[in-house]
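Below: the structure, in structure tokens.
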Amino acid sequence: MQPGDGLAHKACASVCFIGGVLSVLVSTGEVAGSQYLLPLDPVGKQLPDGLRHWVGIRGIYEGEVFRVGDLLLFRSDIAMVRTP
């Protein structure tokens with residue numbers, strides 16, 4: 001999706017999210033050598049529908065990053081997200 005920011009991105013990403021397409025968390029800085037992480041809920045499952053309003057919005061996320069093969073996973077409680 002280009003651009004990966006703004007209202008057009010939010011609308012497109014929301015449709016993908018509703019359709020069950022996995023989302024990607026893009027970090028503003030490198031995390032373990034990458035800017036791209038697969039976001040998961042606190043128990044390691046795909047993010048719940050309640051996250052939809054956060055899709056395409058910059059936020060401050062706290063959680064645990066771990067690697068499975070070449071994939072970086074980010075486990076977080078979406079209730080803890082803050083806006084900058």
- Note on the structure: The residue that is surrounded by the fewest Cβ atoms within 10 Å (Cβ to Cβ), considering only those in the stretch 57-76 that are small (Gly, Ala, Ser) and in contact with a Ser or Thr (Cβ under 7 Å, 6 or more places away or on another chain), is Gly59
- In the set Ala13, Ala8, Ala79, which member is among the small types (Gly, Ala, Ser), in a helix (DSSP H, G or I), without any contact (Cβ under 8 Å) to a residue 60 or more places away in the chain and loosely packed, with under 12 Cβ neighbours inside 10 Å? Ala79
- Message: Quick test for you: out of Leu22, Leu38, pick the one residue that is surrounded by 12 or more Cβ atoms within 10 Å (Cβ to Cβ) and not β-branched (Val, Ile, Thr).
- Response: Leu38
- Message: Condition first: out of contact with any strand residue (DSSP E or B) (no Cβ under 7 Å at 6 or more places or on another chain) and more than 20 Å from Pro84 (Cβ to Cβ). Now tell me which residues in the stretch 15-40 satisfy that.
- Response: Val15, Cys16, Phe17, Ile18, Gly19, Gly20, Val21, Gly33
- Note on the structure: Counting only residues that are under 11 Å from the mean Cα position of the chain (by Cα) and either touching a residue at least 40 places away in the same chain (Cβ under 8 Å) or within 15 Å of Ala79 (Cα to Cα) (or both), the stretch 16-45 contains a total of 4
- Message: Suppose we keep only residues that are among the charged types (D, E, K, R) and part of a loop (DSSP other than H, G, I, E, B) within the stretch 44-74. Which one would you say is modelled with the lowest pLDDT?
- Response: Arg58
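The values are calculated or read from the model by the stated rules, or taken from the named source; none is laboratory data. Note that this is a predicted model, so its numbers are computed, not measured. Here Cβ is always computed from backbone atoms with ideal geometry, including for glycine, and neighbour counts include all displayed protein chains.
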